[in-house]
């Protein structure tokens with residue numbers, strides 16, 4: 001067995017989640033890549049020796065955050081010819097050129113998907129999928145804390161202060177929320193995205209940012225009347241021969257792909273003439289989400305492609321699956337019909353979630369949505385319904401996909 | 001100058017768009033990768049010699065479609081140690097294992113982002129970003145033709161036949177729409193996604209598919225009452241130790257991330273316990289979109305990473321940009337106020353898009369959205385407004401982002 005040694009810097013929420021995820025997925029990764037990733041050492045503020053870990057590692061995962069001493073660590077690792085995966089937006093938005101240059105000189109991989117929008121793959125998509133595209137604009141919601149606060153203000157009419165307090169209680173905002181609510185966190189991410197999309201050296205201190213602290217419930221209420229929703233937008237776009245990079249609260253029309261992104265989610269839209277636009281969305285933060293992004297980067301660094309597809313595994317194909325269903329029946333307009341139908345459904349364990357009755361006489365219809373049930377079971381129930389005298393034609397059945405997180 | 005030779009098989013809509021895009025972006029790609037991509041030959045049904053082109057190429061781009069003779073071409077190219085980029089969903093969903101095995105044996109790259117959902121980067125994200133993730137489900141809207149038809153039926157109340165006719169007139173559906181409307185096209189794409197997400201050998205003929213031909217305007221109207229929208233869904237999910245892969249029309253609740261994807265767009269949601277979910281959306285077809293996906297794959301195949309970041313370019317940072325704005329003013333409740341405000345705005349070239357008046361007496365408010373204007377110009381107009389006697393407090397200004405495609 002060949003192993004691939006990973007030195008881990010930092011063991012906070014993300015670091016611990018990464019170490020756990022790596023252990024959990026090591027077998028699968030070995031099968032896929034032909035090498036088994038193993039943690040060669042962990043450095044925290046209180047334990048571990050950096051040089052010792054570096055020497056024993058093929059790749060360094062940097063999850064300490066901040067600029068000091070991580071800048072030195074990352075530069076030293078790259079200089080020693082080790083690949084680096086990092087989630088450090090402060091470091092890249094302030095010292096990106098120095099670090100990119102060190103990686104180029106060493107000819108090693110530097111990956112940082114987790115530095116922007118968590119597991120939402122905006123770095124990889126801009127840098128790889130759209131490597132050949134002329135990008136006009138990248139804009140999005142890149143801070144989950146502020147999006148949660150604004151979503152709550154819109155949903156409940158709460159004031160900024162109340163929504164912030166709620167975000168803090170639920171763990172979506174820190175005790176000191178300054179970096180998030182002033183837009184500074186988003187500005188660091190936009191500096192990194194602008195560097196990737198336009199090849200321009202943009203540093204955090206060059207990105208003007210306005211936050212959400214001054215926004216009122218009234219702004220949101222008025223805006224709703226105008227069909228708008230309020231988001232903290234990070235934007236990087238070409239203007240003539242230059243670019244504009246900034247963070248500012250903005251209203252979006254309802255049809256805009258970012259308008260419906262609510263809660264702690266992040267989303268980024270990338271515009272280019274050849275592709276119109278791509279939108280990527282998902283959870284922007286959280287230990288296991290960020291750890292997943294780091295793991296994806298780690299695996300990419302382990303396989304300098306060819307992009308290999310291991311032989312297929314033997315997996316049974318299942319055809320009878322659970323689903324919620326829409327059921328439309330034309331029924332006789334007479335007493336007892338609903339009871340007869342409900343009896344059939346109940347006997348098969350089919351439970352009704354919502355129901356609409358329509359029309360009278362020959363036009364009477366019963367339209368309902370049922371809770372998830374095995375397809376074969378529902379088919380049997382529907383066959384029995386069809387046989388009822390009160391059901392006048394073949395019932396119409398269409399699957400219903402439930403909301404997420406239910 | 002080092003060049004990188006690309007043999008192009010097929011010169012239809014996508015092939016021609018790809019050749020044009022490659023020529024347009026060659027300088028940028030050379031700067032980025034250090035090699036200049038050049039077309040070494042073009043094979044069509046009527047001209048060119050495959051063996052000759054193959055010999056002179058580092059990489060083959062296959063955009064002919066179909067299984068015969070493309071299967072032989074692709075296998076021969078891989079066997080000759082050439083990288084292959086293809087957009088061919090028929091080939092991969094019917095002969096995927098044979099082709100993956102050939103690429104593995106040769107140790108060359110095989111990339112096919114454009115085979116599923118056009119430039120929406122679902123292949124790369126599943127195969128690379130989520131390489132270490134345990135994926136539970138991949139489901140989405142992977143056929144733009146049917147999504148356009150269903151969107152039209154929902155928007156206008158049209159029948160299936162009328163909506164299909166309109167799709168044909170606008171070029172979203174072919175003269176013979178069978179592959180699309182029966183769900184077969186989507187089934188081929190889901191077979192490929194299931195292979196990637198679960199490592200299972202799933203072939204097109206194993207994917208049950210139901211289309212949209214039998215759906216009625218009535219289904220959609222009833223569903224609207226229940227808060228549902230109708231989509232043709234491709235789904236690949238784990239069920240116990242097996243997997244289920246299928247294509248079927250389904251209703252989605254309004255909060256579902258796929259519910260708001262309208263028109264010819266595609267979108268795919270990937271679910272995994274560690275990440276919750278990621279949703280990717282964008283145009284699913286079209287010559288230049290598909291060509292962009294092919295170009296991204298080509299560049300990835302040209303750079304067996306390290307994932308290098310070339311030195312930054314010198315790009316001016318622009319701070320004064322055009323935007324639409326929301327303007328909220330507390331005004332005196334007396335005649336002539338609106339005229340005074342409109343005069344100031346008009347003199348600065350600021351044009352009002354929509355306007356709401358609220359309250360009376362001390363509570364009088366004017367809330368408006370203005371058409372795009374340079375920030376500095378709008379600031380000047382707002383300063384003048386603030387100086388008006390009739391304006392009782394500092395106006396509130398928030399940027400407004402317009403809908404796309406405006």
When residues of the range A:122-134 are limited to those that are within 14 Å of residue A:192 (Cβ to Cβ) and within 8 Å of chain B (Cβ to nearest Cβ), the one farthest from the chain's Cα centre (by Cα): A:127
Count - residues of the range A:182-200 that are in contact with a helix residue (DSSP H, G or I) (Cβ under 8 Å, 6 or more places away or on another chain) and under 22 Å from residue A:114 (Cβ atoms): 13
The one condition in (1) under 24 Å from the mean Cα position of the chain (by Cα); (2) surrounded by fewer than 24 Cβ atoms within 10 Å (Cβ to Cβ); (3) more than 7 Å from every other protein chain (Cβ to nearest Cβ) that residue A:248 fails to fulfil: (3)
Options A:78, A:63, A:54, A:43: the member that is within 14 Å of chain B (Cβ to nearest Cβ) and at pLDDT 95 or above: A:78
Any hit, the range B:255-270, residues being more than 28 Å from residue B:293 (Cβ to Cβ) and either touching a strand residue (DSSP E or B) at 6+ places or on another chain (Cβ under 7 Å) or surrounded by 18 or more Cβ atoms within 10 Å (Cβ to Cβ) (or both): no
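Have a look at A:252, A:150 and point out the one that is outside any helix (DSSP H, G or I) and more than 30 Å from residue A:99 (Cα to Cα). Don't jump to the end; show me each part of the working.
Details: A:150 fails: outside any helix (DSSP H, G or I).
Just a single option satisfies the conditions, and that option is A:252.
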Filtered residue count, the range A:11-32, keeping only those that are closer than 30 Å to residue B:196 by Cα, touching a strand residue (DSSP E or B) at 6+ places or on another chain (Cβ under 8 Å) and in contact (Cβ under 8 Å) with a residue 24 or more places away in the chain: 5
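Considering only residues that are facing chain B (nearest Cβ under 8 Å) and either within 18 Å of residue A:145 (Cβ to Cβ) or surrounded by fewer than 21 Cβ atoms within 10 Å (Cβ to Cβ) (or both), which ones fall in the range A:201-215?
Let us first name the residues in the range A:201-215 that are facing chain B (nearest Cβ under 8 Å), namely A:201-202, A:206, A:208, A:215.
Of everything in the range A:201-215, those that are facing chain B (nearest Cβ under 8 Å) and either within 18 Å of residue A:145 (Cβ to Cβ) or surrounded by fewer than 21 Cβ atoms within 10 Å (Cβ to Cβ) (or both) turn out to be A:201, A:206, A:208, A:215.
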The range A:317-350 - residue that is surrounded by fewer than 12 Cβ atoms within 10 Å (Cβ to Cβ) and in a loop (DSSP other than H, G, I, E, B) and, of those, nearest to the chain's Cα centre (by Cα): A:320
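So how many residues does the range A:44-76 have that are in contact (Cβ under 8 Å) with a residue 40 or more places away in the chain and under 23 Å from residue A:201 (Cβ atoms)?
Selection size over the range A:44-76: 4.
Criterion first (touching a strand residue (DSSP E or B) at 6+ places or on another chain (Cβ under 6 Å) and more than 25 Å from residue B:325 (Cβ to Cβ)) does residue A:199 satisfy it? Don't jump to the end; show me each part of the working.
Numbers: touching a strand residue (DSSP E or B) at 6+ places or on another chain (Cβ under 6 Å): yes; more than 25 Å from residue B:325 (Cβ to Cβ): yes.
Yes: the conditions hold for residue A:199.
Do we find that residue B:163 is in contact with a helix residue (DSSP H, G or I) (Cβ under 6 Å, 6 or more places away or on another chain) and surrounded by fewer than 23 Cβ atoms within 10 Å (Cβ to Cβ) in this structure?
Values: in contact with a helix residue (DSSP H, G or I) (Cβ under 6 Å, 6 or more places away or on another chain): yes; surrounded by fewer than 23 Cβ atoms within 10 Å (Cβ to Cβ): no.
It is false that residue B:163 is in contact with a helix residue (DSSP H, G or I) (Cβ under 6 Å, 6 or more places away or on another chain) and surrounded by fewer than 23 Cβ atoms within 10 Å (Cβ to Cβ).
Just to verify a result, which residue in the range B:223-238, among those that are surrounded by fewer than 21 Cβ atoms within 10 Å (Cβ to Cβ) and at pLDDT below 90, is farthest from the other protein chains (Cβ to nearest Cβ)? If you could, list the steps in order and put the result at the bottom.
So in the range B:223-238, the residues surrounded by fewer than 21 Cβ atoms within 10 Å (Cβ to Cβ) come out as B:224-227, B:237-238.
From the residues that got through so far, the ones that are at pLDDT below 90 too are B:224-227.
Numbers: B:224: 11, B:225: 6, B:226: 6, B:227: 8 Å.
Here the residue is B:224.
What number of residues within the range B:280-303 are under 19 Å from residue A:267 (Cβ atoms), at the interface with chain A (Cβ under 7 Å from one of its Cβ atoms) and crowded, with 24+ Cβ neighbours inside 10 Å? Give the derivation first.
In the first step, residues of the range B:280-303 are kept if they are under 19 Å from residue A:267 (Cβ atoms); the result is B:280-284.
Remaining after also requiring at the interface with chain A (Cβ under 7 Å from one of its Cβ atoms): B:280-283.
Narrowing further to those that are crowded, with 24+ Cβ neighbours inside 10 Å: B:280-282.
Final tally of qualifying residues: 3.
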Selection count where residues are away from chain B (no Cβ under 14 Å), more than 19 Å from residue A:332 (Cα to Cα) and out of contact with any strand residue (DSSP E or B) (no Cβ under 8 Å at 6 or more places or on another chain), scope the range A:349-406: 2
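The values are calculated or read from the model by the stated rules, or taken from the named source; none is laboratory data. Since this is a predicted model, take the numbers as computed values, not measurements. Quick reminder, even Gly has a Cβ in these numbers, built from the backbone with ideal geometry, and neighbours come from all protein chains shown.
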